[in-house]
Ligand SMILES: O=C(CO)[C@H](O)[C@H](O)COP(=O)(O)O
């Protein structure tokens with residue numbers, strides 16, 4: 001008989017983190033791990049909250065769970081602030097009341113996925129293309145809970161050969177992409193305009209912008225300095241490094257769920 005996965009077994013302090021939470025359970029798919037992390041995050045949601053609703057295959061499980069609890073009457077008076085048009089559609093289909101940052105400039109809790117998480121809880125986000133709205137909404141949140149499966153945990157963000165996304169204005173996008181490449185040359189950077197729009201054209205964000213994916217060979221070192229330098233380039237709107245923003249990261253893995261809190265998370 002397969003062993004049951006025990007999502008209630010949580011490790012949340014450094015010493016406990018090295019201890020397997022359960023015997024190896026049955027193999028779970030990556031999507032099942034994402035759902036487990038998402039449901040755990042929704043435990044933080046209380047009636048009356050203004051919620052930032054994230055984007056992506058992990059966040060969609062959290063949005064679905066919030067919709068389910070509303071339908072069951074276990075949550076009331078929730079207002080959701082979606083981080084993308086896609087999430088807006090999902091939330092509307094579930095009957096979650098929606099608003100925006102103009103009406104609700106302070107958000108109680110945001111829940112969202114991430115592409116990479118380092119030991120200091122710095123993140124890379126935006127491989128799904130919603131980094132600008134995510135950063136605005138999650139930056140306006142009193143608490144930002146990140147939900148990931150364990151494949152997203154890295155030693156250094158941006159150094160995994162996966163892309164660091166940068167949102168840029170469409171005007172002379174090749175020029176801006178080249179400026180980004182030059183800026184990041186010291187890290188072995190290749191800068192590619194993201195495709196995937198209509199007829200093989202550039203991918204267009206919800207804000208009408210483009211994305212340059214920067215593939216780096218080396219760790220960035222001083223992330224704050226790199227962040228500032230990228231943001232100083234004319235034509236750049238925002239980048240996908242979310243530094244010092246996450247309050248909590250919930251990591252679902254084959255051995256259980258780990259909760260990492262800011263300031264108690266590091267190595
Ligand atoms: O930043 C994002 C979208 O802009 C997503 O949160 C990130 O890409 C993670 O996605 P997924 O949960 O599908 O792995």
Could you tell me the relative contact order of the chain? Use alpha-carbon pairs under 8 Å, at least six residues apart, and round to a whole percent. 24 percent
Two pseudo-spin positions, 7 Å from Cα along C-beta at residue 244 and at residue 57, lie apart in nanometres by 3.3 nm
Take the Cα of residue 99, step 7 Å along the line toward its Cβ, and report every residue of the range 36-74 whose backbone nitrogen sits under 12 Å from that point. 48-52
For the range 161-230, restrict the atom set to alpha-carbon positions and state the Rg and Dmax in Å. 12.3, 39
Rounded to the nearest 0.05, what FRET efficiency is calculated for residue 85 and residue 174 with R0 set to 30 Å and r the Cβ-Cβ distance? 0.70
What is the helix-to-structure angle for 59-71, meaning the angle in degrees between its Cα long axis and the longest Cα principal axis of the chain, kept from 0 to 90 and rounded to the nearest 10? 40 degrees
Please report, in whole Å³, the volume per residue of the convex hull around the C-alpha atoms of the range 86-137. 101 Å³
If you average 1/r over every pair of different alpha-carbon atoms in the range 140-267 and take one over that average, what Kirkwood value in Å do you get? 16.1 Å
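Using a Förster distance of 41 angstrom, determine the FRET efficiency expected from the C-beta separation of residue 229 and residue 47, and round it to 0.05.
Between residue 229 and residue 47 the formula returns 0.40.
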If you take every DSSP beta bridge whose two residues both sit in the chain, what share of them, in percent to the nearest 5, is antiparallel? 55 percent
For the chain, take the longest principal axis of its alpha carbons; what is the angle in degrees between that and the long axis of helix 173-183, to the nearest 10 within 0 to 90? 80 degrees
Considering only 133, 71, 181, give the residue with the highest GNM mean-square fluctuation for the chain, with springs between Cα atoms whenever their separation is below 10 Å. 71
Could you work out the relative contact order of the range 163-239? I mean the mean sequence separation of Cα pairs under 8 Å and 6+ apart, divided by the number of residues, in percent. 45 percent
Based on the Cα gyration tensor of the range 105-180, what are the three equivalent ellipsoid semi-axes, each the root of five times an eigenvalue, rounded to whole Å and given largest first? 24, 19, 9
I'd like the per residue volume of the convex hull spanned by the Cα atoms of the chain, given in cubic angstrom. 141 Å³
By how many nm would the segment from residue 181 to residue 222 grow when fully extended, if each residue of separation counts as 0.36 nm and the alpha-carbon distance is taken off? 13.0 nm
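Read the figures in this text as sums done on the coordinates, not as results from a lab. Quick caveat, the model's predicted, so the values are computed rather than measured. Note that we place each Cβ from the backbone using ideal geometry, even for glycine, and neighbour counts take in every protein chain shown.
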